């Protein structure tokens with residue numbers, strides 16, 4: 001199996017789990033956050049949905065410079081809009097991987113803010129980081145939802161809510 005094919009398989013697995021988690025956010029909690037230094041559910045869930053489109057940027061560019069491309073998240077305010085955004089970003093990710101080539105994965109990719117370089121790594125490692133970001137932010141969202149007493153769906157097996165303890 002090629003590395004791109006493995007990434008495609010992983011994308012589908014992570015999409016199933018992210019879709020379950022994003023789809024249960026209560027519409028009246030988009031401005032809620034558990035701590036003053038935390039993101040709101042709106043910011044966190046929009047960011048999580050957005051990550052699914054990052055593969056295009058990584059595979060088809062050599063860098064992201066925040067000084068030239070400031071992050072402008074989509075303005076969503078309810079779960080229906082969030083799910084539409086997620087499905088759109090997922091299609092973008094699927095398309096990028098479907099058109100990607102293993103030979104691209106050894107090219108370097110840089111994350112910077114003007115002259116400040118945060119990292120320069122092979123695209124393979126950047127794509128692995130994208131998956132790590134998905135998992136990390138989905139877990140954060142799970143904690144947010146748990147604090148709001150929203151039953152949590154399982155990710156890689158049943159959750160405590162699925163087991164009816």
Paramagnetic label zone (point 7 Å from Cα along Cα-to-C-beta, residue 159; backbone N under 15 Å) in region 45-66: 45
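Find the percent of Cα-Cα distances in region 3-163 that exceed 24 Å, and round it to a whole number. Please list the in-between numbers first.
On the way: 4895 of 12880 pairs.
So the pairs more than 24 Å apart make up 38 percent of the total in region 3-163.
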Calculated [θ] (222 nm, deg cm²/dmol) that DSSP helices of n ≥ 4 give over the chain, each run adding -39,500 (n - 2.57): -17500 deg cm²/dmol
Label-to-label distance, nm, for residues given as residue 116 and residue 24 (7 Å Cα→Cβ offset): 3.7
Rounded to 5, percent antiparallel among DSSP beta bridges of the chain: 65
FRET efficiency, residue 36 to residue 146 (Cβ-Cβ, R0 22 Å, nearest 0.05): 0.70
The chain: relative contact order in percent, alpha carbon pairs under 8 Å with at least 6 residues between: 29
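Per-residue counts of other Cβ atoms within 10 Å, averaged by peptide: what ranking do you get for 46-59, 68-81, 133-146, highest first? Don't skip to the end; give the middle numbers.
On the way: 46-59: 21.2, 68-81: 11.7, 133-146: 17.4.
With the highest mean Cβ count within 10 Å placed first, the list reads 46-59, 133-146, 68-81.
Relative to the present Cα-Cα distance, how much length would full extension add between residue 77 and residue 63 at 0.36 nm per residue of separation?
On the way: separation 14, 0.36 × 14 = 5.04 nm, distance 3.05 nm.
Here the segment from residue 77 to residue 63 would lengthen by 2.0 nm.
Any read-out appearing in this document is the output of simple, stated calculations on the displayed coordinates, not a laboratory observation. Given the structure is predicted, the values throughout are model-derived calculations rather than measurements. With ideal geometry, Cβ positions are generated from the backbone for all residues, glycine too; neighbour counts draw on all protein chains shown.
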